[in-house]
Each structure stands twice: as structure tokens, then as C-alpha cells.
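Participant: Dumping the structure here so I can ask a few things about it.
The values are calculated or read from the model by the stated rules, or taken from the named source; none is laboratory data. The structure presented is a predicted model; accordingly, all values stated were derived computationally and were not measured. Glycine also receives a Cβ, built like all others from the backbone with ideal geometry; neighbour counts cover every protein chain displayed.
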Amino acid sequence: MANLYEQANYEYNSITDKEKQEIAEGYKEFQSKYSPEIIQSLKGEELLDKMFLGKGNNDNLCHYLERGSYLYGGIGGGSSAKFGLYYAKDKKAWVKGKGKSTQELTLDEAIDEGTKIRDLLVETCKYISGLTFDTIEDYSKLEEFKNNNPLIKNAWIRKYLHMMFPDYFPSWYNIDMLEAIIKNYGEEPKEGLFEKIGQVALISKKCNIPLGIFPRLETNRKITEEIKLQNSAQEDEDAADDIHYWVCAPGTNADKWDECYKEGILVLGWDGLGDYRKYNSRYEIEQAIKAQGKTQKPNNDTLAIWEFCHVMKEGDIVFAKKGRTKIIGRGVIKSDYIYDESRTEYQNIRRVDWIAGDWELKEEWGKTPLPTKTLTDITKYKDWVERLNLLTQGKDANIEETNFQAYKAKDFLNDVFISEDDYNKLKNLLIYKQNIILQGAPGVGKTFMAKRLAYSILGARQNDYVECVQFHQSYSYEDFIMGYKPTDNGFKLKTGVFYNFCKKAEKDKEHKYFFIIDEINRGNLSKIFGELLMLIEKDKRGAEYAVKLAYSDEKFYVPENLYIIGMMNTADRSLAIMDYALRRRFSFYYVEPAFNSDNFAKHLMENGISAELSYQIKEKFNELNNYISDETKSNLGKGFCIGHSYFCVKPNDKQSEYDWYDCILTYEINELLQEYWWDERQKAEDWINKLKISK
């Protein structure tokens, strides 16, 4: 352990006097504005304005603690509610509490609440001033004080204590970080929060390093950055389904907007920093910006750079602004962060699908309502998100919000009643083969499953990357690829749906595209696909396998990023077996009825169906499907089983659950069984009687 202390001292000595002085001056500046003596003198509305986030006043205590220099540790994130009191502009009132426990206050009530919080800060500081903090016992006393005043465990109050007493409290406010540092120096973390803080403070003392500088040592920073990355990864996973909304400035006074719109990109400056990905933390970005000597307080730029690189994600919505009162574009993020060295300026980009506009913000929203920052995440400001969506999504906007809702594997498993193992097999089969057919009995949800399988691979409900058609006996090559169509003046060569979709995918190699064919075995497949029969094979994709089309000299190929999902009803006896040459180009996945699925039972109960009726549906249709699967008894086979999706429709307001069941049985199941056993009417009637359920 001695070597670690020596290493810490070596790193401390490598910090320049200028840096040490800058840190010390930061503490002095804060203490000169927000010491206990100063905040104790505040009264009435002045107390609210000087201490709490409110009516646009950023010169206050809470704003500094949250947005002040990250040299002193970050407590950003979450909402203003974490400070215990804040002014809600949408409600035009002071508010305390969180979520559903939010309580609006009168001005007098807000002043009383703010005074209580202020008094607690002052009382805590007085208590701390009476301790020496030479041993862990003093921190244990503070732990007891915390138990009687639990508010002081909040991160923002602990940051205040650090700013006032930097020799006693470290600038780490995350318990995992505290514990990681303690363990790294060979100690076992104690139980209490302030006891852990004390352990870190005493370790710093053993190293003969001021506690205010101790967290900046490379050895310590590597440990805590790893914790940050782990927490960030977990947060990203937890928030992967959330669409974020951003307001950005495309260049100075939007001077890069035309370029952004034309090239389908979003740009951010600070080219002198190079590739943003080389910085492992916002602290490193802040130091790099300061090294360029262009910004005295680079907090906003630091945050914008970090979020542009690490937080923004595909599917997020971004509004391009000009000034503070005009939106000139609305787009959807289409790529991860890209560092493009080929550009002469603004080398940090993201791909964006833009629509242009000229939307002036309404007067009642305020004279200067948009933030001044280059990039701002406005997701938590629900009223603003709603306003900007309504403003920019007119009838010609052609961006549907539902097209960009995040959709992951867990959403698929919630919607489609198969196991996680089966989902992984299905997804991997499609990725590997690129052409699959979902086959199964009527009502097993093949069409429903196909689209959601595409969404789950895309990660979002992005209909721009999904195309659906349905084959029938009259469907032709001319409809699918290319052909002459009648016009007022004769005939004109027109391209078909598959041709157009392939061309769309060809221009966008970064994304997967999914072409879904319902009732694939109802068409004349060899006639519909024509010369493309070879090109849809996985190893025949790409420009090197291009062939001339029948109606033109154009060379055409199926791009490598296109996937085909077909659906086939195994109970359709009127259709011929698929052409073998086409069949071998697809993998087949059999979709089973899901009456035994726990998620199916959950779905029924969410739709108002009782557990008793849900159980009876499961038992009766399992019995019927077992009978149908036994060809010696039913003359049918597994491909004719009854699917679960008949029961996925919610009862209407006028139906009891038993009326709902009887309606499905009479008008859907009965018709199907009559068709199955058209020459054995009694068998169909017997089964309908068996399936009946009475209250």
C-alpha cells in the first residue's frame, strides 16, 4: 500500500501551481457568495431567488451547485425537484415534492419551505465547525446528526458541504465511487455514508494531499471514471427505450443550416478538440477546452460535446433553431456519433433525416423562449416537447411520432408470446439467412410478429425501413419489379414496390431494411420474382451480381442490407406447394399457438378477462389443438391448429367477458371449424359445443 501512497504523492506533485491556485480560487469565490453567514441573512423572495432554481435567475446557489464547474464534482441530471423546492414555470408557482407527490405552494408557503432548507444548511455547517475531523469518530457523530436530519444525505447538500469545507468532504457524491476508492487503498468501507466520506478524507490526509485536490489524481480518477462508465452504461440500458428531444443551433446564427439540410447531418464545432471519443469524461473535455484559452467557463460547451457524442442516439428527435424564437428544421437522428476528418470544419457530425420549415414560436410562449446553448436536451420539459411537436408536425410534415418509438427485444417479448430463446433463434436466423418465412396455423400472429421482429432488430418503430405487401393470384412481376402501366396517353414504364425499396436501401448502407410479404404462397412466385430469384440469395447480394432487368437495360441488384420476411398460412389447402427453387432460398420458422404462454394469460387479464376464463380458454383450445394435430383423428394435422390471436381483441364497453368469448367462438372459430370439416359437419358442431363456456 506504501507504493500507492507514493504514487498519489507523485501525481500530486505533477499538478501545476496554476491548477492548484485555480481550484483554491474557485472555493473562495463560492464561499464569498454562499457562505452560511450570507445565506442566513436572506429573507422573503430574495431567499428564493438567491438559493433556488426559479424564474430564469441563474445567479443562485442551486444553479451553481448543479451547473458550476465540474472541477468540484457533478450532481447534474434529474429534475429541479431534487433541491426540495423550485419554481415551475408551466404552473407559474413554487413547488415542492417529486412525481405524483408534487405540491404547489403559495409565495408565503414557498418562503417558509425555503427558510427550513436554508436553516438546515446553516445548522449543519455550525455543527461541522464544532468538530475537528481528525478521526473517524467525528464522522460517526455527523452520521448520527444525519439520522436526525436525513435531508443532508442529498447529493446537492453534500456538494455544498464540500464547497464550504473542502478539507473535510471529498467531491465524490456517488457511494460506489467512495467505496471503490476506500477499497483501492486497502480498507473496508464502513456502513454509514458520512463514515465512508470520513474514510476517504483520512486516506487523503495520510497521503499528505489536500482533499480538494485528491479526486483529481490520475490514480483515483481512473477508478471513479470506471464507476461512471458502468453507471452510464446501466443508465443507457435503462433509458434505451426513451426518445430524447433536442434543440440545437446548426452553426453560428444557423449559418450551417443549408449544408446540414442538404447533406442530412447535424454538426457541432470545437474542431480543435479532434475526435470527441478520446475524452473519457466531461472533466477531460473541460480541461481540453480551457487549454485552448477560448472560454472562461466552458460548462455549457462541455455538456454539449459530451451529450452530442455519448447521449444522443438514433431515433431521437432534434429541432434546429435560429435565434431564440424560430425553428427551421425538425429531424430524426439516424446514426451514432461520427468524426469526419474529410470535412474542413465542423468535423463532428451525426446523420439526420430532416424536414425543413420556418416555424415562428408563439408570443404567449415568451419573448425569448428557446435556450441560448448550442445543444439542449429538452426531454424533461414535457410542455415544450408537446408545443414544438405540434408546431412542426403539420399535415405535410410526414414524420409520425409512432414511427420513432424505441422498440427492443423486451417489447417484442411483451407483444409476441414466444420465449426469449425462441426470439433469439428467430432473430439470428433472419440475420444469418436474410430471407425467412414465418409459417403457421391461422391466428398465431405471423403478420403481427413479422413487423415487430423488424422493429426489434432496428431498435425502434421506424417504418421508413419497413415495407409490407400482400401477394395474391393476380400479383405480377410488373407490380413487384417493373412494367408498363396504362396512362391517359398509352403506356408508361413504372417501377414496382420491391424495386423502389431496394433502391432506397442501396442509398443507405448504414441501416437494415425489411421487406415483408404477407400470404407469400398465394402468388406465382417464380413469375413475380423473375430474374431476382437468384439475387435474393444471401451470397448473391451486391453490385457484383447485378443483372439486366427484363424491361430495361438497367443493371439491378438486391442490396446486402435488405432482409425479406414472408408469411405463409399452413392451413390454406387451396394453394400449391412453394416452388422448390424459391423454397431453398428461405429458412422456415414455425409459429406455434401461444395458449400456454404466461404473457398470453397476462394479456388476457390486462384486457379485463378473469383468471378463471383465461384458464378455461387455455385448457379448451389446448385440447382442440391436440386433437387437430393427431391426423389419424382429425384428418388435418399440426398446420391447422387454432391460433391465440383470435382472443387478443379487447371486449368492448358493452360486452361482458363471456359475451366477448361467445362472440369469438360463434363468428370466428365456428366458421373456421366448419371450413376444416366441411364434409364432417357433426364433428365441427361437436367441437363448438365442447368449446362453449358458461358463467
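Participant: Go through segment 596-651 and count every residue that is part of a loop (DSSP other than H, G, I, E, B) and of a type outside the set (Lys, Arg).
Facilitator: 16
Participant: Go through segment 380-410 and give me each residue that's touching a Ser or Thr at 6+ places or on another chain (Cβ under 8 Å) and either modelled with pLDDT under 75 or buried (at least 18 other Cβ atoms within 10 Å of the Cβ) (or both).
Facilitator: Of everything in segment 380-410, those that are touching a Ser or Thr at 6+ places or on another chain (Cβ under 8 Å) and either modelled with pLDDT under 75 or buried (at least 18 other Cβ atoms within 10 Å of the Cβ) (or both) turn out to be 380, 407.
Participant: In segment 252-276, what residues are surrounded by fewer than 16 Cβ atoms within 10 Å (Cβ to Cβ) and either in contact with a helix residue (DSSP H, G or I) (Cβ under 6 Å, 6 or more places away or on another chain) or on the phi > 0 side of the Ramachandran plot (or both)?
Facilitator: Once the filter is applied, which keeps residues that are surrounded by fewer than 16 Cβ atoms within 10 Å (Cβ to Cβ) and either in contact with a helix residue (DSSP H, G or I) (Cβ under 6 Å, 6 or more places away or on another chain) or on the phi > 0 side of the Ramachandran plot (or both), segment 252-276 yields 253, 274.
Participant: Identify, from the list 197, 227, the residue that is closer than 26 Å to residue 14 by Cα, of a type in the set (Val, Ile, Thr), in the same structural domain as residue 65 (by TED's automatic domain parsing) and at pLDDT 90 or above.
Facilitator: 197
Participant: Something else about it: Go through segment 253-355 and tell me which helices (runs of 4 or more DSSP H), entirely inside it, have 3 or more residues that are out of contact with any Lys or Arg (no Cβ under 9 Å at 6 or more places or on another chain).
Facilitator: Result: 257-263, 282-291.
Participant: Being under 28 Å from residue 38 (Cα atoms), in a helix (DSSP H, G or I) and polar (S, T, N, Q): is that true of residue 220 here?
Facilitator: Spelling it out, it is not the case that residue 220 is under 28 Å from residue 38 (Cα atoms), in a helix (DSSP H, G or I) and polar (S, T, N, Q).
Participant: While we're on this one: I'd like the residue in segment 20-67 that is of a type in the set (A, V, I, L, M) and loosely packed, with under 15 Cβ neighbours inside 10 Å and, out of all such residues, is modelled with the highest pLDDT.
Facilitator: Among those residues, the one meeting the criterion is 38.
To keep it simple, each residue is scored yes or no on (1) touching a Ser or Thr at 6+ places or on another chain (Cβ under 7 Å); (2) hydrophobic (A, V, I, L, M, F, W, C); (3) in contact (Cβ under 8 Å) with a residue 24 or more places away in the chain.
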{"position": "173", "(1), (2), (3)": "no, no, yes"}
{"position": "177", "(1), (2), (3)": "yes, yes, yes"}
{"position": "182", "(1), (2), (3)": "no, yes, no"}
{"position": "187", "(1), (2), (3)": "no, no, no"}
{"position": "197", "(1), (2), (3)": "no, yes, yes"}
{"position": "213", "(1), (2), (3)": "no, yes, yes"}
{"position": "217", "(1), (2), (3)": "no, yes, yes"}
{"position": "220", "(1), (2), (3)": "no, no, yes"}
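Participant: Then there is this: Just checking, how many residues over segment 498-512 are closer than 12 Å to residue 556 by Cβ and either hydroxyl-bearing (Ser, Thr, Tyr) or within 22 Å of the chain's Cα centre (by Cα) (or both)?
Facilitator: 1
Participant: Tell me, which residue of segment 457-486 that is among the small types (Gly, Ala, Ser) and in contact (Cβ under 8 Å) with a residue 40 or more places away in the chain is farthest from residue 432 (Cα to Cα)?
Facilitator: 483
Participant: Let me ask something else. For residue 338, indicate whether it is crowded, with 19+ Cβ neighbours inside 10 Å and either assigned by TED's automatic domain parsing to the domain that holds residue 392 or within 24 Å of residue 406 (Cβ to Cβ) (or both).
Facilitator: Against the criterion (crowded, with 19+ Cβ neighbours inside 10 Å and either assigned by TED's automatic domain parsing to the domain that holds residue 392 or within 24 Å of residue 406 (Cβ to Cβ) (or both)), residue 338 does not qualify.
Participant: Among the residues of segment 131-160, which ones are of a type in the set (D, E, K, R) and touching a Ser or Thr at 6+ places or on another chain (Cβ under 7 Å)?
Facilitator: Within segment 131-160, 138 is the sole residue that qualifies.
Participant: Here is a further query. Going residue by residue through segment 103-124, is there one that turns out to be β-branched (Val, Ile, Thr), loosely packed, with under 14 Cβ neighbours inside 10 Å, under 25 Å from residue 189 (Cβ atoms) and not assigned by TED's automatic domain parsing to the domain that holds residue 377?
Facilitator: no
Participant: Still on this structure: Do we have residue 158 as over 30 Å from residue 388 (Cβ atoms), charged (D, E, K, R) and modelled with pLDDT under 85 here?
Facilitator: no
Participant: Another question, then. Right, residue 189: assigned to a loop (DSSP other than H, G, I, E, B) and either surrounded by 19 or more Cβ atoms within 10 Å (Cβ to Cβ) or at positive phi (or both) or not?
Facilitator: No; evaluated as a whole, the condition is false for this residue.
Participant: So residue 77 fits all but one of (1) assigned to a helix (DSSP H, G or I); (2) exposed (fewer than 12 other Cβ atoms within 10 Å of the Cβ); (3) at pLDDT below 90; what number is the exception?
Facilitator: (1)
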